[in-house]
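Everything on this sheet refers to the single structure shown next.
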Amino acid sequence: MKPAAIPFNRPTIVSRELHYMSRAILAGHASGDGPFSAQCQELLQSLTGARHVLLTPSCTDALEMCALLLDLQPGDEVIMPSFSFVSTANAFVLHGAKPVFVDVRPDTFNLDESLVPAAISPRTRAIVAVHYGGIACDLDALLSIARAHSLVLIEDNAHGLLGTYRGRPLGSFGDMATLSFHETKNFTCGEGGALLLNHNRLLERAEILRDKGTNRKRFFRGQVDKYSWVDLGSSFALADLLAAFLLAQLESRDLVQARRQTIWDSYRSHLQPWAEHQGIILPTIPNNCDPAWHLFYLVLPSLQARSRFIAHLRTRDILAVFHYQPLHDSEMAHTLGLPNQPDLPQTRRAADCLVRLPFFTDMTEDELDRVIEACLSFTL
């Protein structure tokens, strides 16, 4: 019998997800800000070191809340990598900012901190640091730049929950940070996210923005005798039904992370000699970083080589995929009339040459062996 195809991702139920969801339904509070949401937020606050955590329906929503908290004015600029998911730019463009795209480093594909100062102008308001693959940006350098220019640092930590930089959790460095609980992430509730705040002064307005622009939180705390519309906002709270699913995932974090690290290490150890012989590059982990074990990628020598490699794995019923296309050269960037930039060479290299291997928590040893064997049978 032909073995089953190996997908790129497979969402995993790891413990009490269905039990907790049943409890949420029976308790009669399935909408936002219920008891499971409170437990998730408290646990995430402990795990990330953030001062405040607010669950959101997606990481995209959390990024939009960051944009609203910036009070952006037309013409304001936000520096970010071009090699990122569209939400990194879209969230700020929706609220009036102009993205200023900067190239990424050749080793980690994170924002190249050495290029950020030249991108700063009098209209710059913030820097968005995307921790690609759950491996930290150079946060020492980015924090120093942000402070020197009175800029807000935002960590787009969609990939990096439980990753660290110099032993400190990602998400605890920036003024604000965001998380993703999409089904492709280490911990999921299907679709979900979180906004992390590291300044007390941001919390009250963030609660208002998240609650449709009302001061309902203050009303529930007895601080006002009625609540009303006081600011901009939207429906940015995660349903408690989904928070119940998420809590079970987070409670199993040690099991999840141990398994994902085993898969990552197995890819690395088995593929390293082959990759060196073929001129293929494996992920780099800087000495001061502990990764989140979110994904495993290869960097092929060319776009043609990557296309051949993906096709080679498909003949063996294995789905490997490429990742982001350059935001600075996208159709939307041209529609917005963003200034033409010289091509960002490392962004282009990542877009053309990077391929992600199947990676999910309940990947079996047989599936892992099949992917490794298929890789080793490929030659340039």
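Any read-out appearing in this document is the output of simple, stated calculations on the displayed coordinates, not a laboratory observation. Keep in mind that this is a model prediction, so the values were computed, not measured. We place every Cβ from the backbone using ideal geometry, glycine too, and count neighbours over all the protein chains shown.
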Checking rank on 309-322, 215-228, 243-256, with mean other Cβ inside 10 Å and highest first, the result is 243-256, 309-322, 215-228
For the stretch 313-372, which GluC sites (Glu not before Pro) pass both filters: DSSP loop (anything but H, G, I, E, B) and at most 11 other C-beta atoms within 10 Å? none
Residues other than Met176 with Cβ under 11 Å of its Cβ, Lys/Arg counted +1 and Asp/Glu -1, net out at -2
Largest first and rounded to whole Å, the semi-axes √(5λ) derived from the alpha carbon gyration tensor of the stretch 10-60 read 20, 15, 11
To the nearest 20 debye, what is the magnitude of the charge dipole of the chain about its Cα centre, counting +1 on the Cβ of each Lys and Arg and -1 on the Cβ of each Asp and Glu? 340 debye
Degrees between helix 139-148 axis and first principal axis of the chain (Cα, 0 to 90, nearest 10): 40 degrees
D for the stretch 253-376, whole µm²/s, Stokes-Einstein with Kirkwood Rh over alpha-carbon pairs at 4 °C and 1.567 mPa s: what number? 81 µm²/s
P(r) weight above 22 Å for the stretch 98-250, C-alpha pairs, percent: 51 percent
Express as a percent, rounded to the nearest 5, the fraction of DSSP beta bridges in the chain (both residues included) that run antiparallel. 60 percent
Can you list residues whose amide H is under 5 Å from Thr56's amide H, if they're 5+ apart or on another chain and H is modeled 1.01 Å from N? Gly193, Ala194, Leu195, Leu238
